[in-house]
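Okay, so here's the structure we're looking at.
The values are calculated or read from the model by the stated rules, or taken from the named source; none is laboratory data. Bear in mind that the values here come from a model prediction, so they are computed numbers and not experimental data. Quick reminder, even Gly has a Cβ in these numbers, built from the backbone with ideal geometry, and neighbours come from all protein chains shown. SASA here: full protein model, heavy atoms, side chains in, ligands and nucleic acids out. Shrake-Rupley method; radii C 1.70, N 1.55, O 1.52, S 1.80 Å.
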Amino acid sequence: SLEANLGKGLEYCRKAKEQGADIALFPEMWSCGYRIPNDIKRLKSSATKIDSPFVDSFRELARDLRMSIGITILEQYEPLPRNTFCLIDETGNIVLTYAKVHTCVFGDERNLTAGDDFHVAGLKTSQGTVKVGAMICLHRQIISWY
């Protein structure tokens, strides 16, 4: 459930920080456990907004821990939800939002809206600002083949 994944996520971010991590990255669609219902009504009801209490909780924790967090959600979006990654900097600001560009035209992902670009952003760290980007799943495999 969204609530259970929130609790686990916050707990593991704290553990990561205790072990010296500067950034915590979550698996694809952490908010819903990568469950993509075939029923469109259920799909839409399992999606969450970027400005939701779920994402805001990670923003607050990033600020409290002074740690970056890359949280992944099934994002409420029209016409259909998106598979989305939000990178939160150590001040709690979302510095990068990326929606999976390639979604399959078969299987469960056929019911998701594809993103339209590969974005980069500056991520402020204790060591300075670094340029970062994001790719989800198959994207990194395709890039490594070239």
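Contact annotation: residue pairs with Cβ atoms under 9 Å, 6 or more positions apart or on different chains, pairing a residue in segment 21-48 that is over 30 Å from Thr125 (Cβ atoms) and modelled with pLDDT of 95 or more with a partner that is open to solvent by 20 Å² or more (accessible area, probe 1.4 Å) and of a type in the set (Phe, Trp, Tyr), are Ala47/Tyr77.
Annotation: of all residues in segment 133-146 being farther than 22 Å from Ser57 by Cβ and modelled with pLDDT of 80 or more, the one that is most open to solvent (accessible area, probe 1.4 Å) is Met135.
Please determine, by comparing only the residues of segment 1-32 that are assigned to a loop (DSSP other than H, G, I, E, B) and open to solvent by less than 40 Å² (accessible area, probe 1.4 Å), which one is farthest from Asn93 (Cα to Cα). Within segment 1-32, the match that is farthest from Asn93 (Cα to Cα) is Cys32. Note on segment 101-126: residues that are at pLDDT 80 or above and assigned to a loop (DSSP other than H, G, I, E, B) amount to 9.
Scan segment 69-83 and give yes if some residue there is more than 19 Å from Glu3 (Cβ to Cβ), in contact with a strand residue (DSSP E or B) (Cβ under 7 Å, 6 or more places away or on another chain), of a type in the set (Phe, Trp, Tyr) and open to solvent by 40 Å² or more (accessible area, probe 1.4 Å), otherwise no. No, segment 69-83 has no match at all.
Counting the residues of segment 51-66 that are open to solvent by 40 Å² or more (accessible area, probe 1.4 Å) and under 13 Å from the mean Cα position of the chain (by Cα) gives 3. Of the set (1) out of contact with any helix residue (DSSP H, G or I) (no Cβ under 8 Å at 6 or more places or on another chain); (2) under 25 Å from Thr129 (Cα atoms); (3) of a type in the set (S, T, N, Q), all apply to Ser57 but (1).
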